[in-house]
Amino acid sequence: MIYKRSSALFKEAQKYIPGGVNSPVRAFKAVGGDPIFVKEAKGAYLYDEDGSTLIDYIASWGPLILGHAYEPVINAIIEKAKKGTSFGMPTEIETELAQLAVSMVPNIDKIRFVNSGTEACMSAVRLARGYTGKDKIIKFAGCYHGHSDSFLIQAGSGAVTFGSPNSPGVTQGTAKDTLLANYNDLKGVQDLVTANSGEIAAIIIEPVAGNMGCIIPTQEFIKGLRDLCTKEGILLIFDEVMTGFRLGAGGAQEALNIDADIVTFGKVIGGGLPVGAFAARKEIMSHLAPEGPVYQAGTLSGNPLAMSAGLAMLTELNNRPDVFKSLADKTEYLHKGFDSVLKEKDIPYQINRFGSMISVHFTDEPVVDFASSAKGNNETFKTYFHGMLNQGIYLPPSAFESYFLNDALSYSDLDQTVDAMDKVFK
């Protein structure tokens, strides 16, 4: 299919916006061709500028758990906007959302709202350093925690897609304080801790990775991290920008039965609006300004539009605990459908799934970390992506991304998606 209107809009955008996009993965560099420009969305569907209807499997990269333009969320935004969009002053709704979030998530007492997942992760690391008095952190190859300097050391997702995991502009001093480990390799982490004894403030991880495809931690690995951090006085940070309120009301902590010391959240806590948050036990959060010495601030933090949308979204999720099983069931159904198609083809593949996150990797090796994810056949992925797009299915335009299902997807949509895969690989 030729997307003339989208292509024209992309050419115009390139005149005024670097690369024509405001976030690199949108540029389709990993898959070729011009990006699709969306006009509007409703439920499980995207409606693009060329008049096509696409079944959506990114859900704005995770937060739209109940689908696009979910009515209670939209109504909350409209009503709040009528009363003003930003004050730079405290509002009651901030406390209402904070109270609800704390009641849903294990092992947190207080939460601070910020403006993005990047800001949440950056602030969480600063808080960990301030609390522990140590400088170094451990992150994992392929995990993406936003574009703060500390995290652009073998980051996943867009950074890998563009072949620049170590971004220019990140200083050697910053890189020196960021130690790199491999996902699902507990011994490697233990070796780093031993080699840097008494110097590590935090270990930050996507508890279920979504930025090198969906990658699931082994129980030995994730429990081992928790035990190691407890033993060595290191704070364990769960980056739940993708998994928070998606894998369950309590996120990955609940799903994996592992307590983190600090948890970060992204757009879901604002109903899909630009927002983020980080949370921890009282004794850790008390180090944050104005109560403590660790500084963090933001004029738009806790803005009323995001807070009203987040309160509506989390209220729905809290009142509908069945939604998480519904999402997981639909994802399992899609997994079985993909298996039924790909088993008949002469194509090496792996499918990883956890809750409502899933990814397809065109490789014959199990995908358990960044190195094994990177072995996927990218040419096959390009064929798959564009073939599915031509069949009306919008997938993440990078092999290094998880799919995110939303509960507006019907079983008919899932069947159509499986049928589309069958047609692609005829």
Seminar exercise, completed: With label points set 7 Å from each Cα along the Cα-to-Cβ direction at S286 and E96, the distance between them in nm comes to 3.0 nm
Seminar exercise, completed: Rounded to the nearest 5, the percent of DSSP beta bridges in the chain running antiparallel is 60 percent
Problem set entry | Rg(Cα) / (2.2 N^0.38 Å) computed for segment 1-136, rounded to two decimals | 1.39
For this session: With both partners inside segment 204-350, how many of the DSSP beta bridges are antiparallel, as a percent to the nearest 5?
Result: 45 percent
Seminar exercise, completed: The answer for trypsin sites (Lys or Arg not before Pro) in segment 251-354 that fall in a DSSP coil and have at most 10 neighbouring Cβ atoms within 10 Å is K343
For this session: State whether segment 163-278 is rounded, prolate or oblate according to the following rule on the C-alpha gyration tensor (a ≥ b ≥ c being the square roots of its eigenvalues): a/c under 1.5 gives rounded; otherwise a/b larger than b/c gives prolate, and the remaining case gives oblate.
Result: oblate
Exercise. Over the chain, what percent of the accessible surface lies on carbon and sulfur atoms, probe 1.4 Å?
Worked result: 51 percent
Exercise. Could you name the lysines in cross-link range of K15, using Cα to Cα under 25 Å and dropping any fewer than eight places away on the same chain?
Worked result: K4, K29, K39
Seminar exercise, completed: Working note, the chain: Cα radius of gyration (Å, one decimal) and Dmax (Å, whole number) are 20.9, 62
Exercise. Ordered by residue, what ³J(HN,Hα) values in Hz, to whole numbers, does segment 409-426 give under the Karplus form 6.51 cos²θ - 1.76 cosθ + 1.60, where θ = phi - 60° and Gly and Pro are x?
Worked result: 4, 8, 5, 5, 4, 5, 4, 4, 5, 5, 4, 5, 4, 4, 5, 4, 9, 4
Exercise. Roughly what would the spin-label model give for T174 and Q190, points 7 Å off Cα along C-beta, in nm?
Worked result: 3.3 nm
Problem set entry | Given charges at beta-carbon only (K, R positive; D, E negative), |dipole| of segment 311-411 in Debye | 120 debye
Exercise. Size of segment 194-338 along its principal axes in angstrom, Cα-based, largest extent first?
Worked result: 49, 41, 25
Problem set entry | Stokes-Einstein D in µm²/s, Kirkwood radius over Cα pairs - segment 27-106 at 25 °C with 0.890 mPa s viscosity | 155 µm²/s
Seminar exercise, completed: Per the rule of 0.36 nm per residue minus the C-alpha distance, extending A81 to S60 adds in nm 5.4 nm
Seminar exercise, completed: Dividing the helical contributions, -39500 (n - 2.57) per DSSP H run of n ≥ 4, by the residues of the chain yields a 222 nm value, nearest 500 deg cm²/dmol, of -11500 deg cm²/dmol
Problem set entry | Cleavage-rule hits (trypsin sites (Lys or Arg not before Pro)) in segment 56-91: DSSP loop, at most 12 neighbouring Cβ within 10 angstrom | K82, K83
Exercise. Treating the beta-carbon of each Lys and Arg as +1 and of each Asp and Glu as -1, no other charges, what is the dipole magnitude of segment 364-426 about its Cα centre, to the nearest 20 debye?
Worked result: 260 debye
Exercise. Taking H as built 1.01 Å from N, whose amide H comes closer than 5 Å to the amide H of F404, not counting residues under 5 places away?
Worked result: I58
Exercise. If you take the charge dipole of segment 1-121 about its Cα centre, with +1 on Lys and Arg Cβ and -1 on Asp and Glu Cβ, which of A13, P63, I36 is farthest toward its positive end?
Worked result: A13
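Which shape class, rounded, prolate or oblate, goes with segment 246-300 when its Cα gyration tensor gives a ≥ b ≥ c as root eigenvalues, a/c under 1.5 marks rounded, and past that a/b bigger than b/c marks prolate?
Note, shape of segment 246-300 comes out oblate.
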Problem set entry | Lys, Arg +1 and Asp, Glu -1 on Cβ, resulting dipole of the chain about Cα centre, debye, nearest 20 | 700 debye
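Just the number, please: Stokes-Einstein D of segment 312-426 in µm²/s, Kirkwood Rh from C-alpha pairs, 37 °C, 0.692 mPa s. Display every interim value, and only then the final one.
Details: Rh = 14.9 Å.
The calculation lands on 220 µm²/s.
Give the relative contact order (percent, whole number) for the chain; include only Cα pairs under 8 Å separated by 6+ residues.
23 percent
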Problem set entry | Semi-axis lengths, Å, segment 1-55, gyration tensor of Cα atoms, sqrt of 5 times eigenvalues | 19, 12, 11
Problem set entry | Positive-end residue of I284, M242, C229, charge dipole of segment 220-288 with Cβ unit charges | M242
Seminar exercise, completed: note: segment 284-355, Cα-Cα separations exceeding 16 Å make up a percent value of 72 percent
Exercise. Karplus couplings for segment 218-231 from phi (6.51 cos²θ - 1.76 cosθ + 1.60, θ = phi - 60°), rounded to Hz, Gly and Pro as x?
Worked result: 6, 4, 4, 5, 6, 5, x, 4, 4, 5, 5, 5, 4, 5
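The values are calculated or read from the model by the stated rules, or taken from the named source; none is laboratory data. Keep in mind the model is a prediction, meaning the values are calculated, not measured. All Cβ positions, glycine included, derive from the backbone under ideal geometry; neighbour counts span all protein chains shown. Just the protein is used for accessible areas: all its heavy atoms, side chains included, with ligands, DNA and RNA removed. Shrake-Rupley method; radii C 1.70, N 1.55, O 1.52, S 1.80 Å.
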